[in-house]
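Here is the structure we will look at.
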Amino acid sequence: MTTTGRSSSRVGLAHAAKDTWVITRRNLLRNVRLPQLLIFATVQPVMFLLLFNYVFGGAIGTSIPAAAGGKYLNWLVPGLLIQVAAFGAGQTALGLTEDLSKGVIERFRSLPMARSAVLAGRTLSDLVRNGFVITLMMAVGYLIGFRWQTSFVGLVAGMLVAMVFAYALSWVMAAIGLAVKNPEAAQSAVFLPVFPMVFASSVFVPVETMPSWLAAFAENQPITVTVNALRGLMLGGDALPPGDSVAGTVLLSLAWSAGILAVFAPLAVRMYRRAVS
Amino acid sequence: MNPIVRAVDVVKTFGEVKALDGVTLEFEPGIIYGLLGPNGAGKTTLIRVLTTLLKPDSGEAWVAGVDAVHHAAEARTHLGLAGQFAAVDDYQTGRENVVMVARLYDLGAREAARRADEVLEAIHLTDAADRPVRTYSGGMRRRLDLAASMVGRPEVLFLDEPTTGIDPRSRIDIWDLIRDLVAGGTTILLTTQYLDEADQLAARIGVIDQGRLIGEGTPEELKDRLGGAFLEMAIDEADRPRGMEILGALEGEEPVFEPATKRISVPAQRGSGTLVQAVRRLDEAGVTFEDVTLRKPTLDDVFLSLTGRAAEEETAAAGADGGGRRRGRRSR
Ligand SMILES: Nc1ncnc2c1ncn2[C@@H]1O[C@H](COP(=O)(O)OP(=O)(O)OP(=O)(O)O)[C@@H](O)[C@H]1O
Ligand SMILES: [Mg+2]
């Protein structure tokens with residue numbers, strides 16, 4: 001079906017880009033029209049930030065690398081950005097399943113629009129949304145005392161790495177959403193992989209404090225790699241485990257994102273084509 | 001003239017269920033074709049095959065001269081679909097919903113806005129056009145969904161039960177709108193569970209049951225098969241056999257007893273003439289009866305005449321649930 005779609009003169013690249021824009025806009029509009037969605041999506045990470053900083057900060061503060069400038073908050077913020085990215089990506093699954101269950105996808109599929117536009121538009125609008133939440137987290141973090149130890153460029157680069165990672169995770173969530181199909185099931189299905197991945201990582205505490213079997217997993221999984229990349233960019237090389245370089249960690253994180261995309265984007269697209277038949 | 005919609009021996013199974021069991025139909029441009037059938041007959045499945053949403057296991061589907069199975073993308077440029085359940089965004093306004101669909105039909109921004117105004121006007125939603133859809137009633141949502149399906153000026157419009165769950169007045173509004181569209185050159189395939197709707201609108205009717213087309217013709221042809229009206233009444237159990245015998249003798253047509261409603265019905269070719277005669281004869285025989293009515297043929301009667309058995313689902317349950325499983329057969 002798609003081969004003929006692509007070769008047909010109507011369905012050019014410009015056409016696909018326009019359709020993707022129409023869908024992206026439509027999805028973003030939902031955040032504007034139902035601001036409570038965005039508010040809840042932001043309240044939760046901000047609450048995490050405050051709780052972890054004030055509740056655990058004192059206890060954990062002593063075991064973090066010196067590069068954090070002696071403040072748990074400086075260590076925590078880069079980690080929380082990735083936690084936010086991971087949780088936020090879950091919205092991709094929720095949005096898709098909602099459209100599926102309301103028959104909107106069925107309508108889209110009957111229109112002479114680019115087939116890729118629904119998933120591209122969904123992941124793009126979630127990227128914009130994630131960018132917004134990440135920026136807001138950064139601002140709240142700054143207000144309560146977060147200070148980057150490198151340069152402003154390092155800070156922005158860190159945020160970009162976080163967004164690339166969030167975008168890749170969106171495609172994982174798209175596949176999960178298309179697999180479970182209904183919004184209620186998607187609610188729990190997205191948290192299932194995200195929770196252990198987030199907590200068994202360097203988001204909240206250095207992995208060296210974990211039992212060795214867990215640390216072995218935590219050290220090498222993509223969330224830790226990406227959190228470390230952010231810490232390297234925002235706090236400097238000394239924030240990384242001994243022997244790791246900032247550039248190496250950033251590249252490794254980007255490689256993870258690329259790998260996740262390479263596997264899950266085609267998978268999600270294939271599932272989308274079958275989702276409604 | 002070449003057919004604008006053509007299905008050839010279409011088969012589609014879902015696991016054990018044969019949703020379409022070799023459907024062949026075709027019709028010419030510029031008409032309304034009514035697909036009539038009870039719950040689970042395969043109406044939605046056939047529409048989904050013709051609108052490229054579903055690949056059939058075998059068979060051909062052609063829309064506006066395009067092979068909808070192998071050239072789906074091109075076929076989609078010729079068709080519009082309003083599915084069985086309104087697919088509109090709650091948080092967008094009515095106008096935004098329609099403009100979005102217009103844009104996805106590849107209209108430019110200005111043209112999309114103009115066309116959206118046009119169809120919203122036609123469907124009497126102009127006043128509510130700038131309200132979020134979440135404030136719309138069920139009927140308004142349905143109309144908006146119709147507006148969206150026609151905004152791209154498709155040559156062929158597929159409407160899956162366009163009036164199910166709509167109040168009688170809006171129903172007539174929608175009928176008018178559908179007639180206007182056809183007058184403007186659009187070809188329409190609509191499904192319905194109501195004989196009177198197909199009768200009102202369609203130039204041709206196909207009757208579908210258990211994935212097969214079991215009858216086809218103009219409304220007149222179908223009704224001719226049925227004769228005019230039906231006589232219905234309730235008779236006490238004790239008198240029932242005698243009553244059935246008398247009713248059967250009226251015009252030589254076998255009466256049918258419906259256990260669920262405890263009512264008996266029999267064709268009444270001569271309308272009130274038959275009624276008067278029935279009442280007189282039952283009275284003379286001392287049979288107690290009550291609640292006598294003369295009614296128009298229903299989908300059930302069409303089925304009875306085409307298949308010799310009743311439709312498998314109450315048409316009254318229409319719209320209660322979409323693709324529900326089949327209930328047991330009604331006994332006669
Ligand atoms: N996606 C599906 N998966 C499994 N079975 C299906 C699917 N779609 C339809 N069916 C089955 O195929 C048969 C035909 O369904 P279809 O929806 O085409 O009927 P319909 O005539 O549209 O009925 P209704 O009047 O209830 O809308 C039914 O038995 C239904 O349960
Ligand atoms: Mg149906």
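Quick check on my filter: what residues within the stretch A:9-45 are open to solvent by less than 30 Å² (accessible area, probe 1.4 Å), at pLDDT below 85 and facing another protein chain (nearest Cβ under 8 Å)?
Result: no residue meets the conditions.
Under the condition of being on the phi > 0 side of the Ramachandran plot and within 12 Å of ligand 1 (Cβ to nearest atom), which residue from the stretch B:38-58 is surrounded by the most Cβ atoms within 10 Å (Cβ to Cβ)?
By that ranking, first place goes to B:42.
Got a sec? Which of A:241, A:193 is closer than 24 Å to residue A:147 by Cβ, modelled with pLDDT under 90 and either in a helix (DSSP H, G or I) or open to solvent by 10 Å² or more (accessible area, probe 1.4 Å) (or both)? Outline the logic, then answer.
Numbers: A:193 fails: closer than 24 Å to residue A:147 by Cβ.
After applying the criteria, what remains is A:241.
So residue B:152 ticks every box in (1) open to solvent by 50 Å² or more (accessible area, probe 1.4 Å); (2) in a loop (DSSP other than H, G, I, E, B) but one. Which box is left unticked?
Checking residue B:152 against (1) open to solvent by 50 Å² or more (accessible area, probe 1.4 Å); (2) in a loop (DSSP other than H, G, I, E, B), the one that fails is (1).
Being open to solvent by 30 Å² or more (accessible area, probe 1.4 Å), closer than 29 Å to residue B:40 by Cβ, outside the structural domain of residue B:152 (by TED's automatic domain parsing) and outside any helix (DSSP H, G or I) narrows it down to one of B:216, B:253, so name that one.
Residue meeting the stated conditions: B:253.
List every residue pair whose Cβ atoms sit under 6 Å apart, with the two residues 6 or more apart in sequence or on different chains, where the first one lies in the stretch B:181-198 and is more than 14 Å from chain A (Cβ to nearest Cβ) and in a helix (DSSP H, G or I) and the second, anywhere, is open to solvent by less than 30 Å² (accessible area, probe 1.4 Å) and within 16 Å of ligand 2 (Cβ to nearest atom).
Partner pairs satisfying both residue conditions: B:195/B:299; B:198/B:34; B:198/B:36; B:198/B:192.
Pull up the stretch B:45-72, narrow it to residues that are away from ligand 2 (no atom under 16 Å from the Cβ), outside any loop (DSSP other than H, G, I, E, B) and touching a strand residue (DSSP E or B) at 6+ places or on another chain (Cβ under 6 Å), then point me to the one that is nearest to residue B:13 (Cα to Cα). I'd like the intermediate steps shown before the answer.
Taking the stretch B:45-72 and keeping what is away from ligand 2 (no atom under 16 Å from the Cβ), we get B:52, B:55-72.
Restricting the remaining residues to those that are outside any loop (DSSP other than H, G, I, E, B) gives B:58-63, B:66-67, B:72.
Then keep just the ones that are touching a strand residue (DSSP E or B) at 6+ places or on another chain (Cβ under 6 Å); that gives B:58-63.
Details: B:58: 10, B:59: 12, B:60: 15, B:61: 16, B:62: 20, B:63: 22 Å.
So, considering only residues that are away from ligand 2 (no atom under 16 Å from the Cβ), outside any loop (DSSP other than H, G, I, E, B) and touching a strand residue (DSSP E or B) at 6+ places or on another chain (Cβ under 6 Å), the one nearest to residue B:13 (Cα to Cα) is B:58.
Restricting the stretch B:102-127 to residues that are under 25 Å from residue B:192 (Cα atoms) and hydrophobic (A, V, I, L, M, F, W, C), which is farthest from the other protein chains (Cβ to nearest Cβ)?
The residue in question is B:122.
Every residue, every condition in (1) farther than 18 Å from residue B:160 by Cβ; (2) at the interface with another protein chain (Cβ under 10 Å from one of its Cβ atoms), yes or no:
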| site | (1), (2) |
| --- | --- |
| B:43 | no, no |
| B:46 | no, no |
| B:61 | no, no |
| B:64 | yes, no |
| B:72 | yes, yes |
| B:75 | no, yes |
| B:78 | no, yes |
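Find the residue count for the stretch B:161-202, including only residues that are over 18 Å from residue B:303 (Cβ atoms), under 13 Å from the mean Cα position of the chain (by Cα) and more than 16 Å from ligand 2 (Cβ to nearest atom).
5
Could you tell me which of the residues B:325, B:332 is open to solvent by 80 Å² or more (accessible area, probe 1.4 Å), modelled with pLDDT under 65 and away from ligand 1 (no atom under 16 Å from the Cβ)?
B:332
If a residue must be under 14 Å from residue B:27 (Cβ atoms) and open to solvent by 10 Å² or more (accessible area, probe 1.4 Å), how many such residues does the stretch B:181-201 contain?
3
The values are calculated or read from the model by the stated rules, or taken from the named source; none is laboratory data. What you see is a predicted model; the values in this text were computed from it and never measured. Glycine gets a Cβ as well: all are built from the backbone with ideal geometry, and neighbour counts include every protein chain shown. Heads up: the accessible areas ignore ligands, DNA and RNA and are worked out on the full protein's heavy atoms, side chains in. Shrake-Rupley method; radii C 1.70, N 1.55, O 1.52, S 1.80 Å.
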